[in-house]
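Inspection log for the structure reproduced underneath, given as structure tokens.
The values are calculated or read from the model by the stated rules, or taken from the named source; none is laboratory data. Just so you know, these numbers come straight off a predicted model, no measurement behind them. As a convention, Cβ positions derive from the backbone with ideal geometry for all residues, glycine included, and neighbour counts pool all protein chains shown. Side chains are part of the model used for accessible areas, which takes the heavy atoms of the whole protein and leaves out ligands, DNA and RNA. Shrake-Rupley method; radii C 1.70, N 1.55, O 1.52, S 1.80 Å.
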Amino acid sequence: MEKSKNIQNRGSADNGCIGNFLHIIVITALIFYTFYAVIADGRITIQNFWGELSKCILLASINDIFTFIGALAFILFGIVGMYEFAYTNGLRRILPPFYLKFREERDERTAKAMMKTYYEQDINFIQQYEAERANRILQALGLKEKQFYHIQYELVRARVMPEGTEKEMKEKLEQLIYQKDFIVDQSEIPIDKRCYPDVNYFINLYTALYDSQLCTNVGNIFAAFIALSINNSRKSLADIDYIVVPYGSNLLLGLEVGKKLEKPVVVIQEQPRIINDQSWDGNYEPKPGYKNRIIIIHDVLVTGKRIYESIKKLPPDTYTVEGLYCLIKYNHAKFHPKEDLENNSINNIHCLIKTDEDTLKEVFQEKG
């Protein structure tokens, strides 16, 4: 392929040289003919062409010289005008490559100059209202300015960390999500009013990933982790047909990972929304005589119940589960998700980081 590309580039360069050469010949011929017509004025014979031409040049009057300069200017301006017309109207095939390159470079310089002028004129306006706009955004998010700058610092620090190995991915993910603003403290809430009665601290990734930049960063790490895990298991990502997101899982994360891995995403719904026997969103296509190879992705694994309940909502005998990939595994003495998942034919379970209540409590208090 590289050889073919080199040949193609060499062919383009050769065509460019030929185009330049042809245009230069035409322009030179026009100039010479004009010079001959004005200076020689029919006084040259073929027998002694160069001698008589040199004699005409020496005897040329001021009127002849100015007439030639005027004719030369007329020709050059006419040629440039035709080139400009062709460039403006998209007729670039008839342009000489040297002029096309000159025009594109000039347009680039003009654009840079315009942008520079624009920012120099508007920088005061931008600076004047930057603080006001930032404060409005912070008020909408319910954040104080100190919290905002703390999160901003952690995000910048996490972005520059490498993510080539699983250990590096884990460290970078922890830097991104172990923030006080993403951890919910339920210790002061009565148990009967909690949605999660068995834990005092849990990590709320669903709300956190409404931040588009954070969602992109976490999605990049998770997609890289999935690709690495599939590769390490000696399977191919190309063989995966669908990514399945369980009901109640993180839809934003699922869509981001699907975009990174370039795979269609199927989102399971707890109840059918349109067709009575279809409890999913997305274009899931059962194929006769073929089982779709799917992977399940989930944000925080606690009990595993909604995962195996979700997968049963797909048409039976139309799929095989190639693996379950979770961003976080929440260790809790009361729950044994691995055992329950394997009992429901979901094996090959991968979790990037593991956490527990004590860890989240420590992060919450340390960064408070």
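Values as computed for the structure displayed
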read-out	value
Prolate/oblate/rounded call for segment 216-275, Cα gyration tensor, a/c under 1.5 rounded	prolate
Segment 309-354: trypsin sites (Lys or Arg not before Pro) in DSSP coil with no more than 13 other Cβ atoms inside 10 Å	K312, K334
Estimated FRET transfer efficiency (E342, S187; beta-carbon r; R0 25 Å; 0.05)	0.15
Shape of segment 297-365, Cα gyration tensor, a/c cut at 1.5	prolate
Vicinal HN-Hα couplings computed from phi for segment 70-82 (Karplus, 6.51 cos²θ - 1.76 cosθ + 1.60; Hz; Gly/Pro x)	x, 5, 4, 4, 4, 5, 5, 5, x, 5, 4, x, 5
C195 accessible area, 1.4 Å probe, all protein chains in place, Å² to nearest 10	120 Å²
Where segment 246-368 is the region considered: accessible area per residue in Å², 1.4 Å probe	53 Å²
Entries in K338/K361; K172/K260; K305/K329; K180/K334 that, when Cα-Cα distance is taken, lie over 21 Å	K338/K361; K180/K334
Of all accessible heavy-atom area on segment 276-338, the percent that carbon and sulfur account for (1.4 Å)	48 percent
R0 of 45 Å, Cβ-Cβ distance A86-S54: FRET efficiency to nearest 0.05	0.75
Exposure of S236 as accessible area (Å², to 10), given a probe of 1.4 Å and all protein chains	50 Å²
Exposure of I349 as accessible area (Å², to 10), given a probe of 1.4 Å and all protein chains	50 Å²
